[in-house]
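**Student:** Take this structure first; my questions come after.
The values are calculated or read from the model by the stated rules, or taken from the named source; none is laboratory data. Keep in mind the model is a prediction, meaning the values are calculated, not measured. All Cβ positions, glycine included, derive from the backbone under ideal geometry; neighbour counts span all protein chains shown.
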């Protein structure tokens with residue numbers, strides 16, 4: 001199943017899906033015969049803005065917004081929710097009742113609670129020789145490779161009221177050792193606070209992973225935001241004068257400009273991809289596998305300069321193939337299972353390279369058509385390559401229901417020629433109902449692909465979206481389940497969906513029990 005963690009809010013949570021909610025999701029997964037959950041990135045978002053999980057302030061840190069305060073011993077020992085001000089408790093009640101994720105409000109009330117917890121930790125268990133203090137110290141030492149600079153960055157970002165790092169005083173923006181040493185001394189408490197948050201997040205994450213009984217798959221964004229701990233720490237590896245995006249294509253006459261910094265591939269490769277190796281190791285610490293977002297960007301990156309002139313880097317096709325193969329091998333060497341998001345307009349060599357490396361790419365049913373033949377017939381899912389991931393949609397597409405609702409008449413006709421759908425007797429005028437939904441899901445389960453991923457919205461036949469690409473709005477990245485996540489284990493419709501999927505999994509040979 002595909003579901004972002006932020007969407008899985010519970011009755012016990014604070015207006016957003018939280019790390020322990022993964023255990024509830026896993027319980028429903030097992031009932032449904034599903035064996036892995038694919039999430040969107042859980043890295044720390046910028047304090048405010050568009051809330052996209054693909055433009056973060058860290059490629060390594062878990063966002064503390066996903067912490068469950070009831071599971072933080074220091075918070076409960078300090079008095080819990082009653083320690084919040086009346087205004088903060090009102091804000092908490094509001095975000096719990098909201099039908100969407102209010103990131104700014106959730107972050108505000110959680111930070112207040114976490115500072116209460118940290119104060120308790122510092123003046124109690126954190127300052128004495130206890131097992132808890134030792135665990136914190138061990139975490140800080142173990143994760144020092146990325147944590148040391150991340151926590152300093154976060155403390156400095158707070159000091160300078162979220163100004164981008166290149167607007168900080170010269171010594172800090174240029175990372176002069178003497179300036180950094182002074183900052184580490186003067187910001188010692190704030191640095192320790194941000195390390196404490198990452199320790200809590202790691203503790204809750206590993207507990208959820210151990211209890212789940214399914215595999216967790218993450219999502220590795222192609223690059224991070226310019227105003228991030230990673231770009232500040234590794235300035236030599238990024239070019240902020242170039243902006244990453246996509247070239248013009250059939251879907252966008254102007255292409256896309258994501259406003260993200262470009263890699264300096266010559267330097268990255270000269271350093272043996274050290275930062276990408278660190279990202280791969282961190283991904284393996286948190287996940288059993290991960291989806292590599294915008295995988296074509298690791299072969300050839302489309303960049304624009306300040307004048308808007310675009311080009312690929314590297315420019316030579318042979319160099320592109322060689323670069324991508326080396327980077328994909330870096331990810332494979334981490335030991336995690338790797339999926340590759342190879343959608344959109346991509347050169348033929350990309351999918352050939354992925355096959356040679358044994359990395360499955362994506363088969364989105366609505367786009368798997370013979371585009372070189374008249375009427376563009378749909379390909380039969382039963383003939384999809386085994387080394388692939390078949391799905392009804394992604395976090396960027398409209399739901400299966402909305403696709404059918406808006407599909408042109410001739411597109412519906414072609415879709416219904418797929419043998420598993422043709423046998424069901426639908427017509428192009430058939431509405432999207434439960435029967436059509438289940439026929440489409442069955443066709444996906446019966447595909448030749450080794451892996452199947454279904455967005456939760458498509459499992460239920462909902463019309464809700466996660467994101468509309470190319471837009472910035474309040475609806476993007478804020479969707480929540482229409483009921484508390486715990487009700488997946490009690491609602492009759494959720495039980496029916498789990499039973500249906502489990503039957504499909506058995507019928508298609510994907511599970512044997």
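**Student:** When residues of the range 143-169 are filtered for being more than 26 Å from the chain's Cα centre (by Cα) and either in a loop (DSSP other than H, G, I, E, B) or under 23 Å from residue 78 (Cα atoms) (or both), how many remain?
**Tutor:** 4
**Student:** Which condition number does residue 470 fail, the rest of (1) modelled with pLDDT of 95 or more; (2) farther than 18 Å from residue 36 by Cα being met?
**Tutor:** Failed condition: (1).
**Student:** Another question, then. Scan the range 408-423 residue by residue and report those that are surrounded by 17 or more Cβ atoms within 10 Å (Cβ to Cβ) and assigned to a loop (DSSP other than H, G, I, E, B).
**Tutor:** 416, 418
**Student:** Could you please find all residues in the range 347-387 being in contact with a helix residue (DSSP H, G or I) (Cβ under 9 Å, 6 or more places away or on another chain), more than 17 Å from residue 292 (Cβ to Cβ) and part of a helix (DSSP H, G or I)?
**Tutor:** Hits for the range 347-387 are 365, 366, 381, 382.
**Student:** What is the one condition in (1) over 30 Å from residue 159 (Cβ atoms); (2) in contact (Cβ under 8 Å) with a residue 60 or more places away in the chain; (3) touching a helix residue (DSSP H, G or I) at 6+ places or on another chain (Cβ under 6 Å) that residue 196 does not satisfy?
**Tutor:** (1)
**Student:** How many residues does the range 420-453 hold that are closer than 18 Å to residue 399 by Cα and either within 32 Å of the chain's Cα centre (by Cα) or at pLDDT below 95 (or both)?
**Tutor:** Final tally of qualifying residues: 16.
**Student:** Which of the residues belonging to the range 83-118 are buried (at least 16 other Cβ atoms within 10 Å of the Cβ) and farther than 30 Å from residue 466 by Cβ?
**Tutor:** 83, 84, 116, 117, 118
**Student:** Please give the helices (runs of 4 or more DSSP H) falling wholly within the range 15-98 in which 3 or more residues are closer than 21 Å to residue 291 by Cβ.
**Tutor:** Qualifying helices (runs of 4 or more DSSP H): 21-31.
**Student:** Residue 34 fails exactly one of the following numbered conditions: (1) in contact with a strand residue (DSSP E or B) (Cβ under 8 Å, 6 or more places away or on another chain); (2) closer than 30 Å to residue 506 by Cα. What is the number of that condition?
**Tutor:** The failed condition is (1).
**Student:** So is residue 140 assigned to a helix (DSSP H, G or I), touching a strand residue (DSSP E or B) at 6+ places or on another chain (Cβ under 7 Å) and at pLDDT 95 or above or not?
**Tutor:** It is false that residue 140 is assigned to a helix (DSSP H, G or I), touching a strand residue (DSSP E or B) at 6+ places or on another chain (Cβ under 7 Å) and at pLDDT 95 or above.
**Student:** Right, something else. So is residue 238 in contact with a helix residue (DSSP H, G or I) (Cβ under 9 Å, 6 or more places away or on another chain), closer than 24 Å to residue 41 by Cα, surrounded by 16 or more Cβ atoms within 10 Å (Cβ to Cβ) and touching a residue at least 60 places away in the same chain (Cβ under 8 Å) or not?
**Tutor:** No; evaluated as a whole, the condition is false for this residue.
**Student:** Please find, within the range 460-513, the residue that is nearest to residue 20 (Cα to Cα) out of those that are in a loop (DSSP other than H, G, I, E, B), free of Cβ contacts under 8 Å to residues at least 12 places away in the same chain and more than 25 Å from the chain's Cα centre (by Cα).
**Tutor:** Only one residue fits best here, namely 490.
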